[in-house]
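J.: If you scroll down you'll find the structure; I have some questions about it.
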Amino acid sequence: EIKSKFLCAADGLNKLKEEQQIEIYRILQEALSNIARHANATEVTVKVTEVGSTLNIIISDNGAGFNQEEISGKENERHHYGLINIKYRVSKLGGTVDFVTTEGTTIAITIKDIIR
């Protein structure tokens, strides 16, 4: 069982195009699926905030984390398909993603100029 918190302070989500909303849903789905399958986490927090036209998504867990060097390089991509998929979907939206792997894992996503 994973204790989950979801905090949303982004009224602009409903202003996004349907395709953008679906991509954000898929990003969250992939991240939470990865946590459930691989992290051995007992807690996860998702924070969605909006600052002006920028959307920020922070997904953090208290799980095992991972070695970031393991996800770089073509030979390792197939073993970390979920993380590669998150990067791809975020880049499709014109955003950036950072993975911080100290004391669990935090996925920090910033998508500038998406809310209009």
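J.: Taking the range 84-114 as the search range and keeping residues that are outside any loop (DSSP other than H, G, I, E, B) and touching an Asp or Glu at 6+ places or on another chain (Cβ under 7 Å), which one is nearest to Ile24 (Cα to Cα)? Show your work before the answer.
T.: Taking the range 84-114 first, the residues outside any loop (DSSP other than H, G, I, E, B) are 84-92, 96-100, 105-111.
Filter again for touching an Asp or Glu at 6+ places or on another chain (Cβ under 7 Å), leaving 84-86, 89, 92, 105, 108.
Numbers: Ile84: 15, Asn85: 12, Ile86: 10, Arg89: 8, Lys92: 10, Thr105: 19, Ala108: 13 Å.
Per the stated criteria, the residue is Arg89.
J.: Same structure again: On the given criteria, is Asn14 assigned to a helix (DSSP H, G or I) and over 20 Å from Thr96 (Cα atoms)?
T.: yes
J.: Is there a residue in the range 61-76 that is at pLDDT 95 or above, in contact with a strand residue (DSSP E or B) (Cβ under 8 Å, 6 or more places away or on another chain) and within 21 Å of Leu93 (Cβ to Cβ)?
T.: Within the range 61-76, none of the residues are at pLDDT 95 or above, in contact with a strand residue (DSSP E or B) (Cβ under 8 Å, 6 or more places away or on another chain) and within 21 Å of Leu93 (Cβ to Cβ).
J.: Same structure again: Select from the range 17-60 the residues that are closer than 19 Å to Thr101 by Cα and either open to solvent by 90 Å² or more (accessible area, probe 1.4 Å) or without any contact (Cβ under 8 Å) to a residue 40 or more places away in the chain (or both) and list them in ascending order.
T.: Across the range 17-60, the qualifying residues are Leu28, Leu32, Ala36, Arg37, His38, Asn40, Glu43, Lys47.
J.: Let me ask you something else. Working only within the range 1-16, note down all residues that are crowded, with 18+ Cβ neighbours inside 10 Å and among the small types (Gly, Ala, Ser).
T.: Taking the range 1-16 and keeping what is crowded, with 18+ Cβ neighbours inside 10 Å, we get 10, 16.
If the condition is that a residue be crowded, with 18+ Cβ neighbours inside 10 Å and among the small types (Gly, Ala, Ser), then Ala10 is the only one that fits.
J.: Mind listing just one residue for me: the one in the range 96-116 that is closer than 15 Å to Leu13 by Cα and not hydroxyl-bearing (Ser, Thr, Tyr) and, of those, surrounded by the fewest Cβ atoms within 10 Å (Cβ to Cβ)?
T.: In this case the residue turns out to be Arg116.
The values are calculated or read from the model by the stated rules, or taken from the named source; none is laboratory data. Because the structure is a prediction, the values reported are computed rather than measured. Note that each Cβ is placed from the backbone with ideal geometry, even for glycine, and that neighbours are counted across all protein chains shown. Note: accessible area is taken over every heavy atom of the protein model, side chains too, but ligands, DNA and RNA are not part of it. Shrake-Rupley method; radii C 1.70, N 1.55, O 1.52, S 1.80 Å.
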